[in-house]
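What follows draws every value from the coordinates through simple rules; no lab data is involved. Since we're looking at a predicted model, the values are computed, not measured. All Cβ positions, even for glycine, are placed from backbone atoms using ideal geometry, and neighbour counts span all protein chains on display.
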Amino acid sequence: MATTLTIVNSCNDIIWPVVLPNPGSPPLSPSGFPLNPGDREILPVPSGWSGHVWARTHCATSVADAKFSCTTGDCGSSAVDCGSSGGGILSPPATVAEFTINTPPFPDTYSVSVVYGYNLPVTVVPHGPAGSCATVGCSVDFASENSAAELRVSYGGGNEIVGLKSACEAFGEAEYCCSNSNGSYSSSKITCEQNYYSELFKNWCPHARTFANDNSGTTFTCEAEDYVVNFCAPPTPTSGYPYNPTGGTG
């Protein structure tokens with residue numbers, strides 16, 4: 001049976017999810033779409049697919065030039081669909097679910113990342129063999145996190161907080177961006193290690209990737225028929241992730 005991605009909007013407002021492949025992976029359709037509260041979109045996933053899922057918020061079409069843009073998670077396409085010309089460039093902040101699916105003989109892998117900042121609570125629920133696959137997610141009450149005031153993103157320059165930047169996005173310094181002196185990416189432990197801000201995010205979301213080289217206990221495996229990416233899911237019965245909710249697998 002083919003694997004599917006099910007994108008669910010449990011938020012109180014409309015969101016615009018994005019589903020984009022990694023280089024070399026086939027695109028899914030649609031790659032960007034509106035999703036009203038309570039609605040879901042089911043996407044078949046082809047063999048050998050890997051990519052990212054996130055949601056855009058506070059989006060609108062400009063009256064002046066008819067271009068579509070979003071305050072958080074914009075994909076750079078100037079349109080609702082993200083596969084059009086110029087699309088596929090994530091504009092932080094955004095909470096991102098990451099997948100590699102249907103690559104036998106290897107199991108699927110999935111994770112949640114706040115490397116690009118945070119804009120919405122996200123959970124990934126695999127529907128696979130009962131009890132064998134963990135749910136992973138991240139939920140932050142960013143409006144009340146005084147220790148991260150310097151990372152906050154507001155809507156329209158007002159008082160409504162709609163996300164948290166990553167430290168890299170906020171400050172652009174090598175120690176936060178895992179970069180060398182010339183600005184290129186480096187995975188060495190000297191230039192890419194946890195820092196004050198990644199530890200803040202780790203305290204809030206223990207099993208999410210919080211910086212580029214954060215690979216310890218943040219990637220999960222499964223052989224599922226469906227992966228549900230739920231934005232703004234209700235609080236879990238436990239204080240942290242991962243967990244296996246009753247009825248969450250099988």
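Structural remarks
- Annotation: extensible slack from residue 150 through residue 203 equals 17.4 nm (criterion: 0.36 nm per residue apart, minus Cα-Cα distance).
- Here 202, 67 are placed in order of increasing Cβ neighbour count within 10 Å, fewest first, which gives 67, 202.
- Placing dummy labels 7 Å off each Cα toward the beta-carbon, the span from residue 14 to residue 193 is 4.8 nm.
- Relative contact order for the stretch 3-231, counting Cα pairs under 8 Å that sit 6 or more residues apart, in percent: 21
- Under-5 Å amide H pairs with residue 3, H placed in peptide plane, nonlocal only: 45
- Derived scalar couplings ³J(HN,Hα) [the stretch 212-221; Karplus, 6.51 cos²θ - 1.76 cosθ + 1.60; whole Hz; x for Gly, Pro]: 4, 9, 8, 10, 9, x, 10, 10, 10, 10
- Computed FRET value (nearest 0.05) for residue 22 with residue 61, which takes r as the C-beta separation and R₀ as 35 Å: 0.75
- Its residue count N fixes a reference of 2.2 N^0.38 Å for the stretch 3-231, and the Cα radius of gyration divided by that reference is 0.99.
- Average projection area in nm² (convex hull over Cα atoms of the stretch 193-236, one quarter of hull surface): 4.3
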